[in-house]
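Quick notes on the structure that follows.
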Amino acid sequence: QVQLVESGGGLVQPGGSLRLSCAASGMVFSVYALGWYRQAPGKQRESVAGITSGGSTDYAESVQGRFTISRDNAKNMVYLQMNSLKPEDTAVYFCNAKWSSVGYWGQGTQVTVSS
């Protein structure tokens, strides 16, 4: 059974940093493309960052230069380092794993950026 479990969310002041983690199990992790998405109240879920099985990355324009996605295939983990956080980054952040037509989601972790 495939599972994705996010952790690391919380309350942080503007300008602060957080590191999100996503632990995967029940899959051949290394073949999956991985991504972080977020959904703010009243808004659609949006892609934040992605990393391919080969390690290529892409980012939403709104987080470019502030967020970094990485993966550790030995540990079946994907991370999102978030720096210079802004109030508009407040959302539930979801981990996604995709291979061919198969995709999985985690349950999400709340990130709140507020003073």
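The values are calculated or read from the model by the stated rules, or taken from the named source; none is laboratory data. Predicted, not measured: the structure shown is a model, and the values here were computed from it. For neighbour counting, all protein chains shown are included, and Cβ atoms are generated from backbone atoms with ideal geometry for every residue, glycine included. With ligands, DNA and RNA removed, areas are computed over all heavy atoms of the protein, side chains included. Shrake-Rupley method; radii C 1.70, N 1.55, O 1.52, S 1.80 Å.
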Give the number of residues within the stretch 12-52 that are within 11 Å of Ala97 (Cα to Cα) and either among the β-branched types (Val, Ile, Thr) or out of contact with any strand residue (DSSP E or B) (no Cβ under 6 Å at 6 or more places or on another chain) (or both). 7
The condition from (1) among the hydroxyl-bearing types (Ser, Thr, Tyr); (2) within 23 Å of Val113 (Cβ to Cβ); (3) open to solvent by 40 Å² or more (accessible area, probe 1.4 Å); (4) outside any loop (DSSP other than H, G, I, E, B) that Ser62 misses is numbered (4)
Residue set Pro41, Pro14; condition modelled with pLDDT under 95 and open to solvent by 40 Å² or more (accessible area, probe 1.4 Å); output residue Pro41
Pair list, Cβ < 7 Å and 6+ apart or interchain, from the stretch 6-31 residues that are more than 18 Å from Asn83 (Cβ to Cβ) to residues that are in a helix (DSSP H, G or I) and open to solvent by less than 30 Å² (accessible area, probe 1.4 Å): none
Among the residues of the stretch 66-115, how many are of a type outside the set (Val, Ile, Thr), over 16 Å from Gln3 (Cα atoms) and not in a strand (DSSP E or B)? 13
Check Gly108 against each of (1) within 19 Å of Leu11 (Cβ to Cβ); (2) free of Cβ contacts under 8 Å to residues at least 24 places away in the same chain and name the one condition it does not meet. (2)
Tell me yes or no: at least one residue of the stretch 9-27 is assigned to a strand (DSSP E or B), out of contact with any helix residue (DSSP H, G or I) (no Cβ under 6 Å at 6 or more places or on another chain), of a type outside the set (Lys, Arg) and on the phi > 0 side of the Ramachandran plot. yes
